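Chemist: Please see the structure below; I have some questions.
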Amino acid sequence: MEVRITPELEAELAHIATRTGRTPEQLAADALALGMQAEQRFLKAVEQGIASADAGRFVDDEQVLAWLEQQEASERS
């Protein structure tokens, strides 16, 4: 696999790699792994939300707005 990055990102990658005692390749692999983990968590949450909505388990807009207003009022007091 080959990934093209901007010269600015490459310079930042090299700078952080030097500061952390890793190679740019190691840092890029670590960052990619963390990004993939975050993406997997996000996709799972979206799939769970869709399944809940399909099963009729959801909160309508008015209920959400009322809850948010209640939270804001609690924070002000």
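A short reminder: the numbers here are calculations on the coordinates, not readings from a lab. Predicted, not measured: the structure shown is a model, and the values here were computed from it. Here the Cβ positions follow ideal geometry from the backbone for every residue, glycine too, while neighbour counts run over all protein chains shown.
Chemist: Tell me the angle of helix 61-76 to the major Cα principal axis of the chain, expressed in degrees between 0 and 90 and rounded to the nearest ten.
Modeler: Here the helix axis deviates by roughly 80 degrees.
Chemist: Which three extents, in angstrom, do the Cα atoms of the chain have along their principal axes, listed largest first?
Modeler: So the three principal-axis extents are 50, 37, 21 Å.
Chemist: For an R0 of 35 angstrom, estimate the FRET efficiency from the Cβ-Cβ distance between D30 and I50 and round to the nearest 0.05.
Modeler: Details: r = 31 Å, r/R0 = 0.88.
Once rounded, the FRET efficiency stands at 0.70.
Chemist: Ok, one more. If I fit a long axis through the Cα atoms of helix 24-54 and take the longest principal axis of the Cα atoms of the chain, what angle between them do I get, 0 to 90°, rounded to 10?
Modeler: Helix 24-54 sits roughly 20 degrees off the main axis of the chain.
Chemist: Here's something else I'd like to know. Could you give the size of the charge dipole of the chain about its Cα centre, using +1 on the Cβ of each K and R and -1 on the Cβ of each D and E, expressed in debye and rounded to the nearest 20?
Modeler: Details: 7 positive and 15 negative charges, 82 e Å.
Charge dipole of the chain: 400 debye, to the nearest 20.
Chemist: May I pose another question? With each label point set 7 Å from Cα along the Cα-Cβ vector, what nm distance links Q40 and L9?
Modeler: Going by the 7 Å Cα→Cβ label model, 2.2 nm.
Chemist: Shifting gears a bit: As a check on your grasp of the helix formula, calculate [θ] at 222 nm for the chain: sum -39500 (n - 2.57) over DSSP H runs of n ≥ 4, divide by the residue count, round to the nearest 500. Walk me through the numbers on the way to the answer.
Modeler: Details: 3 runs with 61 residues, N = 77.
That calculation yields -27500 deg cm²/dmol at 222 nm.
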